[in-house]
1. Give, as a single signed number, the net charge of other residues whose beta carbon lies under 9 Å from the beta carbon of Y34, with Lys and Arg counted +1 and Asp and Glu -1.
2. Taking the Cα-to-Cβ direction at N82 and at S36 and moving 7 Å from each Cα, how far apart do the two end points lie in nm?
3. Over region 3-103, what is the relative contact order in percent, taking alpha-carbon pairs closer than 8 angstrom and at least six residues apart?
4. Taking 23 Å as the cut-off for C-alpha to C-alpha distance, list the pairs among K30/K60; K46/K72; K20/K72; K9/K46 that go past it.
5. Per-residue counts of other Cβ atoms within 10 Å, averaged by peptide: what ranking do you get for 44-54, 72-82, 26-36, highest first?
6. Can you list residues whose amide H is under 5 Å from Q88's amide H, if they're 5+ apart or on another chain and H is modeled 1.01 Å from N?
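What follows draws every value from the coordinates through simple rules; no lab data is involved. Keep in mind it's a predicted model, so treat the numbers as computed, not measured. Using ideal geometry, Cβ is built from the backbone for each residue, glycine included, and neighbour counts are taken over all protein chains shown.
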Amino acid sequence: MITVEVFDKLDVENRQFTNKDTGEVTDRFKQKAYISTGGRFPLEFKLPIESRADAYEPGKYTLSGECFQVGKYGDLELNRFNIVLVPQLEQDAFGHDKKPVTKLDKAV
């Protein structure tokens with residue numbers, strides 16, 4: 001299973017782009033996250049989000065099926081414009097799902 005971990009909800013980068021034709025300013029937000037791909041260390045990446053308010057809470061997530069698409073040659077691709085995370089479920093000793101794992105749960 002692919003695991004994506006968010007450590008800080010406030011670690012969001014904002015960049016503004018101005019349309020040369022219309023002068024319209026567009027904000028792009030990216031939140032820092034880490035993905036475990038089976039290697040020794042997780043890889044840091046920037047997760048696109050709609051706004052600061054949409055930033056993910058600290059915790060472990062996995063990729064939603066919405067993140068994938070079929071390319072023009074029939075290959076499976078990750079849609080980099082629609083990356084959606086879903087909380088990763090904690091499992092008991094028997095492999096049964098218990099509840100989503102988030103830092104807020106552990107703090108309570």
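1. Combined, the nearby Lys, Arg, Asp and Glu give -1.
2. Each label point is offset 7 Å from its Cα along the Cβ direction, giving 2.8 nm.
3. On the way: 188 pairs, mean separation 24.4, N = 101.
It rounds to 24 percent for region 3-103.
4. On the way: K30/K60 17 Å; K46/K72 26 Å; K20/K72 30 Å; K9/K46 13 Å.
Correct reply: K46/K72; K20/K72.
5. Values: 44-54: 12.6, 72-82: 8.9, 26-36: 15.8.
Peptide ranking by packing, descending: 26-36, 44-54, 72-82.
6. Here K60, Y61, T62, V101 satisfy the definition.
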